[in-house]
Amino acid sequence: MPDRFDLPAGFRWGAATAAYQIEGAVEEDGRGPSVWDVFAARPGAVRDGHTGAVACDHYHRYPEDIALMKGLGLDGYRFSIAWPRIRPTGSGPVNPAGLAFYDRLVDALLEAGIAPLPTLFHWDLPQGLEDHGGWLNRDTAYRFAEYAAVVVDELGDRIPTWITLNEPFVHTVFGYALGTHAPGRTLMFEALPAAHHQLLAHGLAASVLHDRGLEAMLSNNLTPVRPASSDPADVAAAAAYDTLHNRLFTDPVLLGRYPDLSTLGVPDDIYGAVHPGDVDLIHAPGLDGLGLNFYNPTRVAAPTDPALPFTLVDIPDAPHTAFGWPVVPEALTQLLLQLRDSYGKALPPITITENGCSVTEDTVPDQPRIDFMATHLDALAAAVAEGIDIRGYYTWSLIDNYEWAEGYHQRFGLVHVDFATQQRTPKASYAWYRDLIAAHQARRRR
Ligand code: FCB
C-alpha cells in the first residue's frame, strides 16, 4: 500500500489559517468592521461570547508565527486577506495601511523561504456591504472583483497563485441559511442567492487574476455523501444532499452548469439570482487548481423535517473528534476518486487546502491529531497512486485559533496558544509534521 512517504517529489507541505481567526487588531490601522465583529458581539451568537478582537494577536506577532512555520520546514502557508483592512466599508476608499500589513507579511514569508498562498475571502465581509444585503446583493460580487484587483496589483508581483473564496457552501449554509455563523441570517433554501453571488464573485475575480497572468483556485468544502441504507428514500435524500453540499459549488465552475436543483425544491434560476450569462462568467475563466477542504464524510437518511429533503445522521461506528466530527480517513480517497469520476478531464490539479482536527483541551501531547493527519495523508497517497494529480497538503491549522461559533473552545493547531498570555507552545504534532516534511525533503534531494 502506498503511504505518505510515497507522495510525489514536488508535493508541497503547508499549513493554513484565516484572518479573522488569528489576526486580532480589529480596530487598528484603519480596518473597518466585518460581519464577524458584529455577529460575535451579539449576545448568545458565539459560545461564551468569544470574539476575534484579539484572537492570536497575529497582526503583531506574525514574525514569531513565521519562525514557527520555518521551524516546521513548510513549503507554503495559506492565509487569508481581510477585506475590511483593504477597503474598510467594502466600497469606499482603499486603506493603504491595510495593504502595508500584507506587504510586510508576504515579504517576511518569502524571506523565510515559504510560498504565500492567500485566500481573498474567508468569511469576514465588510459590514458596510452587509448593510446593503451582503452576499444576497449581486453588487457584492462586483465589489469583490474590485477588491481583488487592488490586492493583486499590490502583491501579485510576488505571488503567482491565489484562492478566491473559502468554502462558499459553509458560508452560505451557516451564515445565511441556518444563522449559526455571521451574518446570522436564517433563510433556509432562500439563502442560495448568496451562493450564486459568491460563485459569480469567484468568476469575476478569476478573470482579474488571469488578466494579470496569475493563477486562480477555489477552496471548496467537499464531503462524500453516504446513504444511511439502500432504501430508495435514503438514496434519494443522499443525492439531494450531494447536490447542495458538493455539486452546487463545483459543477458551475468545472462544467459550466448548475446541477438539477429540483430535488431541493429550488428553482433553476435560484430565485431569480442567476442572470443570463452568469454561469459563463463563473466557468469561462477556468480553474487552475481546486482547493479541497476535507474533514469528514456525511451520512444521510430520508427526510424527517418537512422543510428539508434529507436528514443528516451520525456515523456511529467511527471515532469522533472533540468537535464531534466522525473520523473516516478512507473517505478522503473515496472523495478524490469520485471527483475524478464525476469531472474527468474537467478536474484541475487538486491541493488539499484544509484538513485537520480539534482535540479536547489539548496542550502538548496530541496523539489523536498525529493519528488523524497520518491516516489522512496515507488516504491521500492512495489516491495519488490511482493517478490523481494532488499538488500539496495544507493542514488546518498552524496554531490554535478562533473557531467561529465555538469561540476558543475548539483547538485545531499544531501549536498551542495560551489565549491569556499569547504564549505559543509547539505540540507533539508539530514535531511529527516537521519530521515528516524533513523525511520527504531528504528524499527530494536524493
Ligand atoms: C473550515 C473553515 C476553517 C476552520 C475549519 C475547522 O470549515 O474553513 O476556517 O474553521 O473549518
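The values are calculated or read from the model by the stated rules, or taken from the named source; none is laboratory data. On a predicted model such as this, the values are computed, not experimentally measured, just so you know. Every residue, glycine among them, receives a Cβ derived from its backbone with ideal geometry; neighbour counts consider all protein chains shown. The protein model used for the area step is the full one, side chains on, heavy atoms only, and it has no ligands, DNA or RNA in it. Shrake-Rupley method; radii C 1.70, N 1.55, O 1.52, S 1.80 Å.
Observations on the model:
- Phe323 accessible area, assembled protein chains, probe 1.4 Å, Å²: 50 Å²
- Leading residue at positive end of dipole, segment 339-386 (Cβ point charges), from Val384, Gly344, Asn355: Gly344
- Rh (Kirkwood; distinct C-alpha pairs) - segment 32-78, Å: 12.9 Å
- For segment 209-359, size of Cβ-based charge dipole, Lys and Arg +1, Asp and Glu -1, in debye: 240 debye
- Applying 1/(1 + (r/R0)^6) with r as the Cβ-Cβ distance of Glu190 and Asp211 and R0 = 41 angstrom yields a FRET efficiency of 0.75.
- Evaluated at q = 0.17, 0.24, 0.25 Å⁻¹, a Debye calculation over the C-alpha positions of segment 31-125 (equal weights, vacuum) places log10 I(q)/I(0) at -0.84, -1.24, -1.28.
- Dipole of segment 291-446, positive end: most advanced residue of Ala331, Ala428, Tyr295 [Cβ charges, Cα centre]: Ala428
- Share of carbon and sulfur in the accessible area of segment 116-264 stands at 52%, probe radius 1.4 Å.
- Every Cα-Cα pair in the chain was counted, and those over 35 Å apart are 24% of them.
- Surface per residue (accessible, 1.4 Å probe) for segment 212-264, Å²: 35 Å²
- Volume in Å³ per residue [convex hull over Cα atoms, computed for segment 383-445]: 123 Å³
- Separation of alpha-carbon centers, segment 243-298 and segment 30-106, rounded to whole Å: 29 Å
- Full-extension gain in nm, Asp268 to Thr425, via 0.36 nm per residue minus C-alpha separation: 51.5 nm
- Dipole magnitude of the chain, debye to nearest 20 (Cβ charges: Lys/Arg +1, Asp/Glu -1, about Cα centre): 820 debye
- Surface exposure of segment 314-446, expressed per residue as accessible area with a 1.4 Å probe, stands at 39 Å².
- Rounded accessible area of Trp404 (nearest 10 Å², 1.4 Å probe): 10 Å²
- For segment 194-317, the Cα gyration tensor yields ellipsoid semi-axes of 30, 17, 10 Å (square root of five times each eigenvalue, largest first, whole Å).
- Checking every one of the GluC sites (Glu not before Pro) in segment 103-194 against DSSP loop status and a limit of 16 other Cβ atoms within 10 Å picks out no site at all.
- Beta-bridge orientation, the chain: approximately 20 percent antiparallel, per DSSP, counting only bridges with both partners inside.
- For segment 286-420, the Stokes-Einstein estimate of translational diffusion at 25 °C and a viscosity of 0.890 mPa s comes to 149 µm²/s, using the Kirkwood hydrodynamic radius over alpha-carbon pairs.
- Rh (Kirkwood; distinct C-alpha pairs) - segment 47-185, Å: 16.1 Å
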